[in-house]
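Laboratory data are not the source of any read-out in this text; all were calculated from the coordinates shown. From a predicted model like this one, the values you see are computed outputs, not experimental measurements. Quick reminder, even Gly has a Cβ in these numbers, built from the backbone with ideal geometry, and neighbours come from all protein chains shown.
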Amino acid sequence: MTSIESVILEVADPTAADRFYTEAFGLDTQIRLRASEAPTTGFRGFTLSLTVSQPANVNSLIDAALDAGASPVKPVTKSMWGYGGVVQAPDGTIWKVATSSKKDTGPATRQIDEIVLLLGAADVAASKRFYLDHGLTVAKSFGRKYVEFATGSSPVKLALYGHRALAKDAGVSPDGTGSHRLTIGGDAGPFTDPDGFVWEPASR
């Protein structure tokens, strides 16, 4: 089964970004950083989601991210599906923190249950076929709108969502140009998918 060992974010200042991710989310091995000055504007075509067990944990992580220098994008709110909010890291990466639970069951923690990398696809069905051809297997699929792949015990889960729908969910304009500023480290690559997302062999 395909595994994603890390998500490599390409940032202007790796030292500052490392400080942010440690302070905000306590992330270490799952997020790697690489220096890059590649031109990029607007929406980079992907988001990272942190799934947690209760609303108090959402608040705890969002507050820590804002204190560490993130910008608010979508305020924390209740919805039909649960509770969550969106922030943008100083390096430009968009992060969603959410839970399907609407009630707290214990004291607030910063425990993260799951990290999900959502790639915005111009054509979800075509990108799904590409990934199936490269050995991935589907865990969940909702027609041509959303696909989640089985990644076993991988520290990062992978899903495809329509580009515009993903931007709307994140609360940003779908417009953007230039580099995704993202590389995926896993055992499926090396390759570049139809939407320009690059995979490379994971460095263990």
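What the table below lists for this structure:
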read-out: Label point distance in nm, THR109-GLU23, each placed 7 Å from Cα along Cα→Cβ; value: 2.5
read-out: Restricting region 47-127 to trypsin sites (Lys or Arg not before Pro) in coil, as DSSP defines it, with at most 11 other Cβ within 10 Å; value: LYS103
read-out: Net +/- balance of residues flanking LYS168 in space, Cβ distance below 13 Å, scoring K and R +1, D and E -1; value: +2
read-out: Computed label-point distance, nm, for sites ARG129 and THR15 using a 7 Å Cα→Cβ extension; value: 4.9
read-out: Span from the region 130-204 Cα centroid across to the region 82-129 one, whole angstrom; value: 14
read-out: Helix-only [θ]222 nm of the chain, DSSP H runs n ≥ 4, -39500 (n - 2.57) each, per residue, nearest 500; value: -6500 deg cm²/dmol
read-out: Listed residues LEU132, LEU33, LEU118, most fluctuating in the chain (Gaussian network, C-alpha, under 10 Å); value: LEU132
read-out: 10 Å-binned pair-distance histogram of the chain (Cα, whole percent); value: 9, 36, 39, 15, 1
read-out: Among ALA70, ALA167, ALA126: highest mean-square fluctuation, GNM of the chain, C-alpha pairs under 10 Å; value: ALA126
read-out: Percent antiparallel among DSSP beta bridges (both partners in region 58-199, rounded to 5); value: 70
read-out: Neighbour-count ranking [beta-carbon atoms within 10 angstrom, fewest first] of ILE115, ILE184; value: ILE115, ILE184
read-out: Semi-axis lengths, Å, region 42-107, gyration tensor of Cα atoms, sqrt of 5 times eigenvalues; value: 21, 13, 9
read-out: Ranked list, fewest to most other Cβ atoms within 10 Å of each Cβ, for PHE197, PHE191; value: PHE191, PHE197
read-out: Cα-centre dipole for the chain with unit charges at Cβ (Lys and Arg positive, Asp and Glu negative), debye to 20; value: 720
read-out: Neighbour net charge for GLY189 - beta-carbon separation under 12 angstrom, K R +1, D E -1; value: -4
read-out: For the chain, built as a Gaussian network whose Cα springs stay under 10 Å, the top-fluctuating residue of PRO107, PRO72, PRO90; value: PRO107
